[in-house]
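In what follows, a single structure is set out as structure tokens and then discussed.
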Amino acid sequence: MKKLYIRLLVTMTVSAALCCGCQRLLPTETRPAKLTYPPARKDSTADVYHGVKVPDPYRWLEDADAPETQAWVAQQNKLTSDFLTGVTAREKIKARLTHLLNYPRYSAPYKEGDRYFFWKNDGLQNQSVLYTQKTLEGKPRVVINPNLLSADGTVAVTTTAVSNDGNLLAYGLSRSGSDRREVKIRNIDTQKDSPETLKWCRFTSIAWKHDGTGFFYNRFPDPNTVPPEDQTNYNRVYWHQLGTAQSQDRLIYERLDNKELDFYPLITEDGNFLILHVYHGTDPKNRVYYRPVESTAPFIRLLDDADARYDFIGNAGSVFYFNTDLDAPRGRIIAIDINNPSRSNWRTILPQTDDVIDNVVLINNHFVVAYLHDVRHQLKIYNLDGTLVRKIPLPTLGTVGGLSGKQDDTEMFFSITSFLFPATSYRYDFLTQRLTVVHKPKIDFDPSHYETKQVFYHSRDGTRVPMFITHKKGLKLDAGNPTLLYGYGGYNISLKPSFSVYTLTWLEMGGVYAVANLRGGGEYGEEWHQAGMLDKKQNVFDDFIAAAEWLIENKYTNPNKLAIRGGSNGGLLVAACMLQRPRLFGAVVCQVPVTDMLRYHKFTVGRYWIPEYGNAEAGPQQFEVLYAYSPLHNIKTGVEYPPILVTSADTDDRVVPAHAKKFVATLQAKAPVISCPPPRLASGDAGAGESKNAGKNLILLRVETKAGHGGGKPISKVIDEQADIYAFLLKTLDLQNNSVK
């Protein structure tokens, strides 16, 4: 329910230069740049973990507001900007990105009351706009246009909840990409907002009472009432009465005995029950509490063992349906009668199969189940007794999103997307069994010249891992293709096929785009997730390294032409793999990364991640695991790592920019000083990371202003960032300028 979740070229001249006296000729534009990195002060700060002293000389960079930190970041940004704007093809890349992105994009519709709602972006709007219409053929009317809320597009609507009758909208505003939200309420007919503003909301769920008088929601305490370390603890559920001040909100539920629990309210579709999904951090094992909506009695702890994942699907009277991985790591559907809730009375409606139950919605009194079959969705309809009704043929092998409909509806909506298939929304009619297009985008790109294939390779321990590869048809497997390998591998998040114009730009430049479905994700259920977390995190890095080796061994590319990219937990992934196998990669794009695995839990919502990573302070074993792969603590002096671009944002309050800053400062300080890169070894080289004083690294830091972890980032900033990333790749992978359209 709450996922961190996790998802991104310069002319060679005929002149050449000698490289540091070794008589090896390098093209002028590809020889190592003579960059002077801004100095970063080192101090004697250190911590002792279970008897091991660990220096932390750049801890002062954790203070984002300190003048010294801000001056250092400004110098790093200038260095990076000067370097990337010097790439002659950058503006051409930016123009192509802008052109490709300039097409109307729609979400799948959903219905509340007698209205349909959908999001639309005309093309280059910084933020998508929410529309409503009475019929699917009717004229859409704007509900809220976030682009009018700020001149630069940095105010985003990141949470929405429409009342049961379709007349009221509660929406959360995020500023500069922050996870913090302020909730407002809008009358959809009058377009007027109520005067109240609800503060201290982060990862907030909103559950409207069916009479429209108000809603239940979860929030954190006023930060002035708790110590700094508790500002993301003591999550509570409140009742908000429409038209009243937040100070009058009524406390519904809290757990002072367990301040780290988070509560996410919802109201059943029949309006009878208030349900709380209860989580501890990002651990998918949750609890479920409930009580009648009108009751003030204590909540009934229906599921309180936190022994598995329980996702509430819906109810038929007293029978509650859940998608759970209890004794079924790929998921099953169970029924619990709350009048007879003992486990011996639970019924299995749909047993576990070879495929993963990725999503279930109760529509038309049927279960609509989206299965993951080798990371591709299949959509099936079942009766409430679990008998199969039919499988819905999908227009492409890809990803189903936005699946919605009411329990008594005879229609449902969803979207389909894949690497070469822009997100297209559909309506399914249960009475006629017809699937019709609602919104189909038109883009200036011909996908018929490209293809996607899925391959399977084996990781270091023999585990079979899937990977999607997209490229131009007729690609020559001559080991010379520039290739961008993307991964994530964490938090039970699956990297499913999706469409992105940023990927298209890479494909048009002759690039190969590969997505590896690593352990730690949810592609094959909870067992796949657990095989890549805590003390098994190294499996994720091994899976990614094996993907790179497979691409090289199968002649798609070579180490000099292979770039890796990841963000957030994926930033941790590419940073760790770069350090473990530096000669395997030609370039690294490391976005909003987690790099300090010993202190990550001390910042903002970092404590949420302890169930995924562990805690170095909890004991010697956890410390040893984290210390062994923590990117910040595994940089070796004098090793020539591949060129790296590290990105962050000044107002990222999920993964604080201190991770990126300390990582870059350490990389730059330990970089070799002689500019003479050795030839890269083959994919299986055993000596990776041992070269000393081999050549001067290219280490760039890009810290975006007025931006956060990625959510709500305006299109204008996204285009600039992507242009910088591809300019960096063009430069470092030695791609021809004429490959850019």
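General remarks:
- Positions within the stretch 218-231 being surrounded by 14 or more Cβ atoms within 10 Å (Cβ to Cβ) and either farther than 21 Å from LEU169 by Cβ or charged (D, E, K, R) (or both), in sequence order: ARG219, PHE220, PRO221, PRO223, VAL226, ASP230, GLN231
- Sole residue being polar (S, T, N, Q) and in a strand (DSSP E or B), chosen from ASN224, ASN258, ASN218: ASN218
- Single unsatisfied condition, ASN634 versus (1) surrounded by fewer than 24 Cβ atoms within 10 Å (Cβ to Cβ); (2) more than 22 Å from ASN539 (Cβ to Cβ): (2)
- Taking the criterion of being closer than 26 Å to ASP408 by Cα and surrounded by fewer than 17 Cβ atoms within 10 Å (Cβ to Cβ), the residues of the stretch 251-294 that qualify are GLU269, ASP270, GLY271, ASN272, PRO292, GLU294.
- The set of residues in the stretch 412-430 being in a strand (DSSP E or B), surrounded by fewer than 21 Cβ atoms within 10 Å (Cβ to Cβ) and over 28 Å from the mean Cα position of the chain (by Cα) consists of ASP429 alone.
- Conditions (1) more than 30 Å from LEU251 (Cβ to Cβ); (2) crowded, with 18+ Cβ neighbours inside 10 Å; (3) more than 25 Å from the chain's Cα centre (by Cα); (4) of a type in the set (Gly, Ala, Ser); number of the one not met by GLY314: (1)
- Scanning the stretch 431-457 for residues that are exposed (fewer than 14 other Cβ atoms within 10 Å of the Cβ) and in contact with a helix residue (DSSP H, G or I) (Cβ under 7 Å, 6 or more places away or on another chain) yields a count of 1.
- Of the residues in the stretch 237-253, not one is assigned to a loop (DSSP other than H, G, I, E, B), farther than 22 Å from LEU362 by Cβ and in contact with a Lys or Arg (Cβ under 8 Å, 6 or more places away or on another chain).
- Condition met for VAL183 (closer than 23 Å to ARG654 by Cα, in contact with a helix residue (DSSP H, G or I) (Cβ under 8 Å, 6 or more places away or on another chain), surrounded by 20 or more Cβ atoms within 10 Å (Cβ to Cβ) and of a type outside the set (Gly, Ala, Ser)): no
- Matching entry among GLY172, GLY166 (being assigned to a strand (DSSP E or B), among the small types (Gly, Ala, Ser) and crowded, with 17+ Cβ neighbours inside 10 Å): GLY172
- Residue check, THR396 in a strand (DSSP E or B) and either modelled with pLDDT of 95 or more or surrounded by fewer than 19 Cβ atoms within 10 Å (Cβ to Cβ) (or both): no
- Evaluation of ASP542 against (1) of a type outside the set (Lys, Arg); (2) under 23 Å from LEU372 (Cα atoms); (3) surrounded by fewer than 22 Cβ atoms within 10 Å (Cβ to Cβ) (one fails), failing number: (2)
- Tally, over the stretch 232-250, of residues that are surrounded by fewer than 19 Cβ atoms within 10 Å (Cβ to Cβ) and among the β-branched types (Val, Ile, Thr): 1
- Looking only at the stretch 443-492, and only at residues there that are among the hydrophobic types (A, V, I, L, M, F, W, C) and in a strand (DSSP E or B), the one that is nearest to the chain's Cα centre (by Cα): LEU485
- Condition check for LEU326: assigned to a strand (DSSP E or B) and modelled with pLDDT of 95 or more: no
Let's see how each residue does on (1) closer than 18 Å to PRO466 by Cβ; (2) part of a loop (DSSP other than H, G, I, E, B); (3) of a type in the set (Ser, Thr, Tyr):
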{"residue": "LEU362", "(1), (2), (3)": "no, no, no"}
{"residue": "PHE367", "(1), (2), (3)": "no, no, no"}
{"residue": "LEU372", "(1), (2), (3)": "yes, no, no"}
{"residue": "LYS380", "(1), (2), (3)": "no, no, no"}
{"residue": "LEU384", "(1), (2), (3)": "no, yes, no"}
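The values are calculated or read from the model by the stated rules, or taken from the named source; none is laboratory data. Since we're looking at a predicted model, the values are computed, not measured. All Cβ positions, even for glycine, are placed from backbone atoms using ideal geometry, and neighbour counts span all protein chains on display.
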